[in-house]
Amino acid sequence: MSELLRIEDFSFSYRHRNTTISILKKLDILIFPGEVVGLVGESGSGKSTLAKAILRIPDFKYEVSYKGSIYLNGNDLMQLNDTQLDRIRGNEISIIFQDPLSYLNPMFTIHRQIKEVLKHHEIANGIVADEMIRRCLLNVSFNYPDRIMRSYPFELSGGMRQRIMICMAMITRPKLLIADEVTSSLDALIEKEILDNINRLCSDYGTSVLLISHNLPTILKYANRIAIIYFGHIVEIVHVNNAQKGARHPYTKALFSCALAKVKDGVFPFIEGSIPKPHDVIVGCPFHLRNCPRAIDACRTTLPEMESYDEGSFRCHNPYPVEG
Amino acid sequence: MTDNIVKIRGLNKTFIRKTLITRHVEYIYAARNVNLDIPRDSFYGLVGETGSGKTTLGKLILRLIEPDSGSIIFDGIDVTRLSQREIRRIRPMFQVIFQNPQSALNPKQRVKQLIGNPIRFQKKLDSKSVEKEVFRLLDEVQLSAEMAEYFPHQLSGGQIQRVEIARALGLKPKLLVADEPVTSLDASIRGHILNLLLQLKKNREFTVLFIGHDLHIMEKMCDILSVMYKGEIVESGSVKQIFNAPTHKYTKKLVSMRYISD
Ligand SMILES: Nc1ncnc2c1ncn2[C@@H]1O[C@H](COP(=O)(O)OP(=O)(O)OP(=O)(O)O)[C@@H](O)[C@H]1O
Ligand SMILES: Nc1ncnc2c1ncn2[C@@H]1O[C@H](COP(=O)(O)OP(=O)(O)OP(=O)(O)O)[C@@H](O)[C@H]1O
Ligand code: SF4
Ligand SMILES: [Mg+2]
Ligand SMILES: [Mg+2]
């Protein structure tokens, strides 16, 4: 099966006071039609930047540079100009941002904002559009869509706004949905309802999803494959069935054990030290600075290359062995 | 008799919306006859459906919005009777970590001002000491000292959330309303921040109203738990009690999900 999205040797950096600061470093990711790919990693590692960079949504105030390619059905998005890309944004690829309030217009009712999306992509108008909006709001668990349609963003709670963003992204039936922390402020009941809905969209229309979340149990439940990012590098891509036991990269193991381990003596588990700063230039593998338990001499001098095996791929000089 | 730092009686808040065209009036009961006692030095958890009124209740306690009726006694003072000026005077004693820090933080200020200005203003410290304090706070939430120069739009979601936590902790409040404080953090940093809050509780007078939805975290963090549903507190009790024998239909469903995901 050929992939929907192919991210190839992709880098993103910006220039600040005559220095180049790399945020994303030589990423390779494939997303197949109808597949959910989870993206996890430490806060500040570059997940939201990747989400926005795919559609070249520039909100860096500096001069930015993109390298490499992002193919959507074989067409390189990096070769498109802004007008051409605008036809893809919100239509073929939808993105739900991490901070809904900054992307909703405070002056417009919810009804008007969603209708603008339908109008912009020439999908529907008039009462046909109204009915689509009502149905879509029901799909993201609003029992009284009419009250919501009349509301302004500030009149809604945090979780309600997140669901509005999901509705706006799904209503165009995109080929790829990028969901950045969309259910992080929702309780387990509503989270399940929404993700089940997104899942249905995947199977009904073959939509693929890039699911960014800090909630590992959720990722394990909904993703087919998981990409783990650390300091702007993809360090491992692993099939979900193999993720908990068969992860090879030490950072993956460490992150998973923080998320899934039990609290001991009233202390929550965490990884010692912190992720490097964006402008730090690091020689070797960046994880050796976090007291990687498997570090060897090579880790201090050379950055490991991405290596593939049956179940996935990883970037590490001394990975955990395959189980069993 | 237990010593309660916050005592709420008969608190009500209704949002009224008038739609211009149909002249239709809607009432949203965000707080309905809420009674709540928060024991001093406890971690008090608040859970509930989205839109059930948790953030509204947090803001009411801090008088960030005005109640329609009811009383809120904070440390023996009825804050509903204070003027805004008197409120400002006691503000450093209670702080809030906002749920949507992206919009709560002034976008034109650098991180060092966002965290430092309230300290400078309230504690009347010289710039050197303020700066030192800012660096200490940044370190405490695992942000590097360089981030002091950043503006909010240059930070990731979780970095902003940590700036917000540092800002709120900077004034050493007696009462902290933490509204979904760790939702944008990865498991490792989340663990670190939760440990930090538990540490503060050990070291000094520190009460937290912890608004959250992750039951695993609530179980570990909170001494008491209240459940909100459509503006009402529908049940309260020790975490154990609520998890083992939930009574309200919403709580029952929520608790059953907890075992599925285990
Ligand atoms: N507009 C910007 N200008 C300069 N630096 C930025 C900007 N936006 C993000 N960064 C930096 O890029 C890095 C990656 O940020 P990004 O938002 O992609 O992280 P993230 O993985 O989404 O983190 P989180 O889990 O906290 O949301 C961070 O260190 C951040 O400080
Ligand atoms: N300024 C406002 N004007 C009108 N209605 C409001 C306003 N603020 C909140 N509401 C409404 O009050 C109700 C309670 O909102 P609140 O933000 O307290 O919920 P919450 O429990 O914090 O939800 P979440 O878990 O999603 O953050 C919601 O129905 C919301 O739409
Ligand atoms: S390359 Fe070395 S330091 Fe990096 S994760 Fe692998 S073993 Fe650890
Ligand atoms: Mg992010
Ligand atoms: Mg809220």
DSSP-loop trypsin sites (Lys or Arg not before Pro) across the stretch B:102-174, with at most 14 other Cβ within 10 angstrom | B:Lys108, B:Lys124
For A:Arg135 and B:Ile90, FRET efficiency with R0 = 56 Å and r from the beta-carbon atoms, rounded to 0.05?
-> 0.70
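For the stretch A:1-77, which trypsin sites (Lys or Arg not before Pro) are in a loop by DSSP, counting at most 15 other Cβ atoms within 10 Å?
Counting only loop positions with at most 15 other Cβ atoms within 10 Å, the trypsin sites (Lys or Arg not before Pro) in the stretch A:1-77 are A:Arg17, A:Lys61.
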Report the normalised scattering of the protein assembly as shown as log10 I(q)/I(0) at q = 0.07 Å⁻¹, calculated by the Debye formula with identical scatterers on the alpha carbons.
-> -0.43
Once Rh is set to the Kirkwood radius over Cα pairs, what Stokes-Einstein translational diffusion coefficient, in µm²/s, holds for chain A at a temperature of 4 °C and a viscosity of 1.567 mPa s?
-> 62 µm²/s
Which whole number gives the average, over all residues in A:154-166, of C-beta atoms from other chains lying within 10 Å of the residue C-beta?
-> 3
Obtain the nm distance between the two label points defined at A:Ile282 and A:Leu303 by a simple spin-label model: each point lies 7 Å from its Cα along the Cα-to-C-beta direction.
-> 1.1 nm
MRE, 222 nm, helices only [DSSP H, n ≥ 4, -39500 (n - 2.57), over the protein assembly as shown, to nearest 500] = -10500 deg cm²/dmol
Per residue of A:266-278, count partner chain C-beta atoms within 10 Å of its C-beta, then hand back the mean as an integer.
-> 6
Between A:Tyr205 and A:Ser102, what is the spin-label point distance in nm, taking each point 7 Å from the Cα along the Cα→C-beta axis?
-> 2.7 nm
Ranked by GNM mean-square fluctuation in chain A (Cα springs under 10 Å), the top entry among A:Gly34, A:Gly284, A:Gly126 is A:Gly126
How much net charge surrounds B:Lys112 when only other residues with a Cβ under 9 Å from its Cβ are counted (Lys, Arg +1; Asp, Glu -1)?
-> -1
In degrees rounded to 10, the 0-90 angle between helix B:111-123 Cα long axis and the longest Cα principal axis of chain B is 80 degrees
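From the C-alpha gyration tensor of the stretch B:96-204, pull out the three semi-axes of the equivalent ellipsoid (sqrt of 5λ each), sorted largest to smallest, in whole Å.
After diagonalising the Cα gyration tensor, the semi-axes are 19, 17, 13 Å.
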Using a Gaussian network model of chain A with C-alpha springs under 10 Å, which one of A:Asp99, A:Asp310, A:Asp196 is most mobile by mean-square fluctuation?
-> A:Asp310
Rounded to the nearest 5, what % of the DSSP beta bridges within the protein assembly as shown are antiparallel ones?
-> 60 percent
Flagged links, alpha-carbon separation over 21 Å, of A:Lys192/B:Lys13; A:Lys264/B:Lys220; B:Lys220/B:Lys240 | A:Lys192/B:Lys13
Amide N proximity, the stretch B:45-83 versus A:Tyr144 label position 7 Å along Cα-to-Cβ, cut-off under 17 Å | B:49-54
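So if we plug the beta-carbon distance of B:Ser238 and B:Asn106 into 1/(1 + (r/R0)^6) with R0 = 35 Å, what FRET efficiency do we get, rounded to 0.05? All intermediate terms of the calculation are to be shown ahead of the outcome.
Working: r = 40 Å, r/R0 = 1.13.
With R0 = 35 Å, the Cβ-Cβ based efficiency is 0.30.
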Ellipsoid equivalent to chain B - semi-axes via the Cα gyration tensor, in Å = 30, 23, 20
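List the trypsin sites (Lys or Arg not before Pro) in the stretch A:236-324 that DSSP assigns to loop (not H, G, I, E or B) and whose Cβ has at most 11 other Cβ atoms within 10 Å. Which are they?
On the way: sites: A:Lys245, A:Arg248, A:Lys253, A:Lys262, A:Lys264, A:Arg290, A:Arg294, A:Arg300, A:Arg315; in loops: A:Arg248, A:Lys262, A:Arg294, A:Arg315.
Answer in residue order: A:Lys262.
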Looking at the stretch B:4-257, what % of its DSSP beta bridges pair antiparallel, to the nearest 5?
-> 55 percent
Kindly express, to the nearest 10 degrees and within the range 0 to 90, the angle between helix B:127-140's C-alpha long axis and the longest C-alpha principal axis of chain B.
-> 60 degrees
By how many degrees, 0 to 90 and rounded to 10, does the Cα axis of helix A:158-170 deviate from the longest principal axis of chain A?
-> 80 degrees
For A:Ser11, what is the net charge nearby, where nearby means another residue's Cβ is under 14 Å from its Cβ and Lys, Arg count +1, Asp, Glu -1?
-> +2
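Within chain A, what percent of beta bridges assigned by DSSP are antiparallel, to the nearest 5?
65 percent
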Please compute the net charge surrounding A:Thr20, taking Lys and Arg as +1 and Asp and Glu as -1 over other residues with Cβ under 15 Å from its Cβ.
-> +4
Just tell me which lysines come within less than 20 Å, Cα to Cα, of B:Lys172; anything on the same chain fewer than 8 places away is out.
-> B:Lys59, B:Lys112, B:Lys123, B:Lys124, B:Lys128, B:Lys132, B:Lys201, B:Lys202
Given the convex hull of the Cα atoms of the stretch A:128-169, what is a quarter of its surface area in nm²?
-> 2.7 nm²
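FYI, it's all coordinate maths here, none of it is from the lab. Since this is a predicted model, take the numbers as computed values, not measurements. Counting neighbours? That spans all protein chains shown, and the Cβs are built from the backbone with ideal geometry, glycine included.
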